[in-house]
Every structure is written in C-alpha cells, then in structure tokens.
1. How high is the FRET efficiency between Lys275 and Thr39 when r is their beta carbon distance and R₀ equals 22 Å, given to the nearest 0.05?
2. Using only DSSP helix segments of four residues or longer, with each worth -39500 (n - 2.57), what per-residue ellipticity at 222 nm results for the chain after dividing by its residue count and rounding to 500?
3. Bin by bin, in steps of 10 Å, what percent of the Cα pairs in the stretch 201-332 do you find, going until the bin that has the longest distance?
4. Pairs of Cα atoms under 8 Å, at least six residues apart: use those to get the relative contact order of the stretch 191-382, whole percent.
5. How big is the antiparallel share of DSSP beta bridges in the chain, given as a percent to the nearest 5?
6. Gap in Å between the Cα centre of the stretch 72-133 and the Cα centre of the stretch 329-388?
7. Label Thr68 and Met1 with points 7 Å out from Cα along Cα→Cβ: what is the distance between them in nm?
8. Can you give the extra length, in nm with one decimal, that the chain gains between Asp76 and Glu348 once fully stretched, where that is 0.36 nm per residue apart less the Cα-Cα distance?
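Each value in this text was obtained by applying a stated rule to the coordinates, not by laboratory testing. Only a predicted model underlies this, so the values are computations on that prediction, with no experimental measurement involved. Note: ideal-geometry Cβ built from the backbone for every residue, glycine included; neighbour counts use all protein chains shown.
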Amino acid sequence: MLDKNTIVGVIGSGAMGAGIAQVAAMAGHKVVLYDNNATALGKAKSSLTTTLQKLQEKGKVTSAEEITDRLTYAPDVNQLAPCGLVIEAIVERLDIKKTVFADVEKIVSDDCVLASNTSSLSITSIAAACTRPQRVLGLHFFNPAPLMALVEVIPAVQTANELVVAAKELMQQWGKIPVIAKDTPGFIVNRVARPFYGEAIRIYEEGIADIATIDWAMTEIGGFRMGPFTLMDYIGHDVNYVVTETVFTSFFYDPRYKPSFSQKRLLEAGWLGRKTGKGFYNYAENTPQPLPNKDNELGNKIAERIVAMLINEAAEALHLNVATAHDLETAMTKGVNYPKGLLQWCDELGADKTLSILDDLYHHYHEDRYRASVLLRKYASGNKKMVS
Ligand SMILES: NC(=O)c1ccc[n+]([C@@H]2O[C@H](COP(=O)([O-])OP(=O)(O)OC[C@H]3O[C@@H](n4cnc5c(N)ncnc54)[C@H](O)[C@@H]3O)[C@@H](O)[C@H]2O)c1
C-alpha cells in the first residue's frame, strides 16, 4: 500500500510542510511539495536546499544533491496527480482543509492515501469532505519535523484498519516513532500537556508564585527542560493560546482545559513571546530577567500540583482509550521531551499521593477542573501500579 516507491505529496510549504517534505525525501521518496503561495514555495526551496547542503557538510547525509533531486516544488495542485500519499500541512482552518481535501481527491488516483497534519481539528470531519473517507487519516508531526521523532497516527471514524497499520510501518521506515491516537481533541500530546501551561498560569494568576519561580520549580525540581512560561513564550502565544482554546471548546467547555485571561491579553497586545521580543518575559537586550524565589517548600508544592494535574490527564486519556499506556508514555517523552512518562511518574509518586493532591485542590476550590480521574482513584484504592 505504502512503500519506498510511493510518491509523497505535501500540501503547504510552511514550517511543517517543508520539514515533512525533507523527512520523506531523506527517506528515499520522490516528493512533490505544493503551495498556493509562490513566495512561500520559493522560501521553502531555498531553505531546504541550504539545510540539505549543511547536513552533507556535517556528514549526516551522503549526497544532498540526490535528495534535492527527489524534491519537486509545485505551484500547481495538479502536479500532485502521481502521488500515492499526500500529507496536508496548510493553515489550521477546518473549512479550508475540507475544500483542499475535496479538491485533491479529484486529482489523485483512487488508492492515494490522504493525511492531515492538523494539531487540533477532527480528522473525522476532514474525512467526511471526501468521497473515499476510508483513505483519510491524521499524521501529526512535531516541530521541527526532521528532528522530532514522534508522529501521532490518528484514524478517523471512517479510516480503513489496514491503512493505520501501513501508515505506522511507513513512519517507522522514515525513522519516526509512531503512536496511535484516538480522534479526540488534541490527540495525545496537545491534550495531556494542557495543565503544564494552564495550571502554571493559574498558580501565577492567584499570586502563589511569580513566573520565574514557577519556571524554576518546574525545571530544577520537576526536571522539565523548560519552564512553562519560557516554553509558552518560545512556542508563541498565537499558537499556544489558540490550541488551548480549541481544545477547550472541542471538549464542550470542560473546565479542565479553560484558557486564561493572562495569556489571552498577551495575544491581544501582540506580545507573542520570543518572536515579538516580549511575552511573559521581556527579551529586549540588557533587560534584567526576574529572579526566582528559590524556596524549596514552595517549589515542591508548585511542581507537585502541576505534575499531579498532568498525571491526571494521562490517567483520564488511558481510561477513555485515547491511547495505550505505552503510547501515552512514548508520546509525552518523545513529543514534548518530558523527563519521564506520566504513568511512570504516577507509579513513583504513588497513585494515592497524586490523588490526595488532586482531592485537596478539589475540596479547596470546589471546581470541576480538579476532579480526579476515576482510573487514578481505582489505582490508588487498589494500591496498583500503572506501568511498572
Ligand atoms: N507549527 C507547528 O508547531 C505545528 C506542529 C504540528 C502541526 N502543525 C499543523 O501543521 C499545519 C501547518 O502549520 P505550519 O506551522 O507549517 O503553518 P505555516 O503557516 O508555516 O504554513 C502553511 C503553508 O500553507 C500554505 N497554504 C495555506 N493555504 C493553502 C492552500 N489552500 N493550498 C496550498 N497551500 C496553502 C501557506 O502558503 C503556507 O506556506 C497546521 O495544520 C498546524 O496546526 C503545526
């Protein structure tokens, strides 16, 4: 169904599309990269050519020229006709994606596989725009696609079973680590990671600690590579806030995913983070950065609270069969570089301890946001381990 001879089409030559095209070409495929914006396509061409040249200089590829020759930059959608797999990575708008899928279906052969790299939209509703929805699935790469190993493979309700197996195998051939995620908002990573941002902001909004202290607690005590505020500034509030809002509305306004005004105001102000020079932090030259209050007791409380919320999300995702325990652990360690899987973390901290942190929060706030997953309660009462 899908193999090395499959010609891969990529729609959208932005950050993700160009990266996916590079991955596919490096894996030996002929690739057709299509964009309806000639300037974007030109940019992708020059940046991919430079990147491949640099990889050759570093000895990471033997011939940049060979890989470059496999890449076609297509200004016309009809050039996707010979493709056996087309991966869409255009603007995150359901209406536009649906139109593009319906249009592409008229161009490609009947057995061509159609995939979307959407971060947050329903694969099922994209598939519904097609006359052959059984050939549609989600292939969610992480940014930057050539460096991040994780790919979430997301079958729509309509997707043929054998396609899921074939897509998983192809991702492995591309050197990726595929996990299977149910078609639910945020799939695995963008759902389970929400409290890393949301609970950190809540702690800050309540004045329990400032941003520098929360970032310090999560890196020094929690062991995360970046603190939540540094990470949100890095991702950009235009992207991070919008994912939060989409997940929140898609979950029928479940308070667990409620966005914050602090982040919304940053977005409104145009303080998008590093890329605009200002976000939660100010990146202007010679600006002194806020110093954390390195109070260990406070730091432990912050880290435990955020980690307990993350574990709860992972437990709930497992409970609702969003993914297997193995795939949940892989997704969080390979997709967002968490220091360990959250179910493993639960086993180390203890399901009973995690539950008591959540129940204390729930009794204190009387908010549904802090309700513990029934699975966590079950493991706590049975004194059972989730993975170990
Ligand atoms: N950026 C990330 O971190 C990230 C990570 C994972 C998934 N995604 C998803 O990948 C997709 C693309 O994101 P991105 O960051 O690469 O966006 P981007 O804005 O960098 O690139 C999008 C490209 O699509 C092109 N485009 C838009 N409409 C088109 C159309 N109708 N036909 C052809 N080309 C069209 C644009 O010209 C642009 O070059 C989105 O669905 C996003 O949610 C993004």
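1. 0.70
2. Estimated from H runs of four or more residues: -15000 deg cm²/dmol.
3. In order of increasing distance, the bins hold 12, 36, 38, 13, 1 percent.
4. It comes to 24 percent, rounded to a whole number.
5. The antiparallel proportion sits near 25 percent.
6. Value for the Cα centre distance between the two parts: 38 Å.
7. 3.6 nm
8. On the way: separation 272, 0.36 × 272 = 97.92 nm, distance 5.41 nm.
Here the segment from Asp76 to Glu348 would lengthen by 92.5 nm.
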